[in-house]
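The values are calculated or read from the model by the stated rules, or taken from the named source; none is laboratory data. Please read these numbers as outputs of a predicted model, since none were measured by experiment. Methodologically, a virtual Cβ is constructed for each residue, glycine included, from the backbone with ideal geometry; neighbour enumeration extends over all protein chains shown.
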């Protein structure tokens, strides 16, 4: 009896793990799942980032309007052009005073403290040439251009826009130039030639109302 059992046990196959074919099948299935899921994940992530950028720009636009409302009748109804100027004005860290020949101060004549017009904790802040500026979810500096009395645009030091006059238009008409805009170059980190052309890159732009 012991001899029979011994022979039976010796003849019973013992599997020590997966075969090479089984491993290849499992790897192929995992690769297929990743190939199907990754594009959807990237699309969702991209959509979330764009919504964050739009929300940030909308908050800055709202802050500009609050700034204008509180400064109605003065020389600086809206913050002057430039990303650094925009942050100083909306966070209350500086008040542009034309009468002082430039520069910033954090109070109005009479000692009234102004701002802030946006909660700094709700927006991303980085630096541009050592100065604090608003940044978007992609890490880009948000450009802020304002048309001046001479027809040109203030925004010096902002991310490079090759032709601000062409970029700062609401439509293709050369005469349809807006007074001010806030813009992000989007995920490719490069501004298109114009802000009004929806087919011109992935820029995210808000034309601040000219009321």
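Things to note:
- The residue pairs whose first member lies in the stretch 53-66 and is more than 17 Å from residue 135 (Cβ to Cβ), whose second member is surrounded by fewer than 17 Cβ atoms within 10 Å (Cβ to Cβ), and whose beta carbons are closer than 8 Å, counting only pairs six or more residues apart or on different chains, are 65/209; 65/211.
- Leading residue by the ranking (modelled with the lowest pLDDT) among those in the stretch 178-199 that are over 24 Å from residue 49 (Cβ atoms) and crowded, with 18+ Cβ neighbours inside 10 Å: 178
- Hey, residue 172 out of contact with any helix residue (DSSP H, G or I) (no Cβ under 9 Å at 6 or more places or on another chain), at pLDDT 80 or above and under 28 Å from residue 197 (Cβ atoms) or not: no
- Qualifying residue in the stretch 111-131 (condition: over 16 Å from the mean Cα position of the chain (by Cα), modelled with pLDDT under 75, over 19 Å from residue 66 (Cα atoms) and assigned to a loop (DSSP other than H, G, I, E, B)): yes
- Considering residues of the stretch 139-159 that are touching a helix residue (DSSP H, G or I) at 6+ places or on another chain (Cβ under 7 Å) and within 13 Å of residue 177 (Cβ to Cβ) only, the residue modelled with the lowest pLDDT: 153
- Any hit, the stretch 87-98, residues being at pLDDT below 55, under 35 Å from the mean Cα position of the chain (by Cα) and assigned to a loop (DSSP other than H, G, I, E, B): yes
- Residue within the stretch 200-207 that is touching a strand residue (DSSP E or B) at 6+ places or on another chain (Cβ under 7 Å), at pLDDT 80 or above, in a loop (DSSP other than H, G, I, E, B) and surrounded by 14 or more Cβ atoms within 10 Å (Cβ to Cβ) present: yes
One line per residue, one yes/no per condition, for (1) under 23 Å from residue 135 (Cβ atoms); (2) at pLDDT below 80; (3) in a loop (DSSP other than H, G, I, E, B):
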site	(1), (2), (3)
13	no, yes, yes
18	no, yes, yes
49	yes, no, no
81	yes, no, yes
